[in-house]
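Notes to accompany the following structure.
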Amino acid sequence: DNEKLLKRTSLYNGAGVRVTRYLNNYIVQGRLVSDIYKNNGVRVSARFGRNWQLRNWNLHSIASLDFASARTMRYLFGVGEDESTPEFSAYRPGSGAALSLEFGAAYPVSEHVVWNTRFLHTQYSNEVADSPLLADDSFTGFRTTLNYVF
């Protein structure tokens, strides 16, 4: 039963609106998305970012505040009474939020190859962090890629 709970479907297929405003080297973005797969709630986000061009380096930073409705939180992080096990107790979260900070860089290695790297840290609200499905109240990730440009 634990494996079934951990491998359950969490497809959130959303449609909505996004408003973006560019102000010189800054970007401000708001987004409202509703799940169209099985009506699993609403997500709202606000982002503020900045980029810098430093010779051939393209640097950026983005701060993001994301909000999820109680229905979305129950779908993604909740455990129903019928799903609960001794290891994963029933959990019915309310609405929740997350705050993310991202820093990144891109550098052209050659005419057709660009190196990209990103560092991301997300801090979840208690409604997310208290879920028995998660081991921590934050996520930190690092990604680096080489991209071929046609």
The chain, dipole about Cα centre (Lys/Arg Cβ +1, Asp/Glu Cβ -1), debye to the nearest 20 | 800 debye
Averaging sequence separations of C-alpha pairs under 8 Å and six or more residues apart, then dividing by the length of region 13-69, give the relative contact order as a whole percent.
-> 28 percent
Around GLY30 (Cβ within 13 Å, Cβ-to-Cβ, excluding GLY30; K/R +1, D/E -1) the net charge comes to +4
Would you list LYS4, LYS38 from the most to the least accessible area, probe 1.4 Å?
-> LYS4, LYS38
Bounding extents of region 1-90 in its principal axis frame from Cα atoms, largest first in Å, are 56, 26, 17
Rounded to the nearest whole Å², what accessible area per residue is found for the chain with the 1.4 Å probe?
-> 68 Å²
For the chain, averaging the sequence separation of alpha carbon pairs under 8 Å that lie six or more residues apart and dividing by its residue count, the contact order in percent is 16 percent
Return the distance in nm (one decimal) between the two label points of a simple spin-label model at HIS121 and SER138, each offset 7 Å from Cα along Cα→Cβ.
-> 0.5 nm
Given the Cα-Cα distance of LEU59 and GLN29 and 0.36 nm per residue of separation, how much length would full extension add, in nm?
-> 9.0 nm
Report, in whole Å, the centroid distance computed from the Cα atoms of region 1-41 and region 71-127.
-> 11 Å
Quick calc: nm separation of the 7 Å Cα→Cβ label points for TRP52 and THR9 -> 4.6 nm
With all protein chains present, region 65-105 has a carbon and sulfur share of its accessible area (1.4 Å probe) in percent of 58 percent
Order VAL79, VAL113, most accessible first, counting only protein heavy atoms with a 1.4 angstrom probe.
-> VAL113, VAL79
PRE reach from VAL19 (point 7 Å along Cα→Cβ): which of region 47-89 fall under 20 Å by backbone N?
-> 47-50, 63-69
In units of 2.2 N^0.38 Å, what is the alpha-carbon radius of gyration of the chain?
-> 1.27
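The values are calculated or read from the model by the stated rules, or taken from the named source; none is laboratory data. Fair warning: this is a prediction, and the values are worked out from it, not measured in the lab. Quick reminder, even Gly has a Cβ in these numbers, built from the backbone with ideal geometry, and neighbours come from all protein chains shown. Just so you know, the surface numbers come from the protein's heavy atoms only, side chains and all, with ligands and any DNA or RNA stripped out. Shrake-Rupley method; radii C 1.70, N 1.55, O 1.52, S 1.80 Å.
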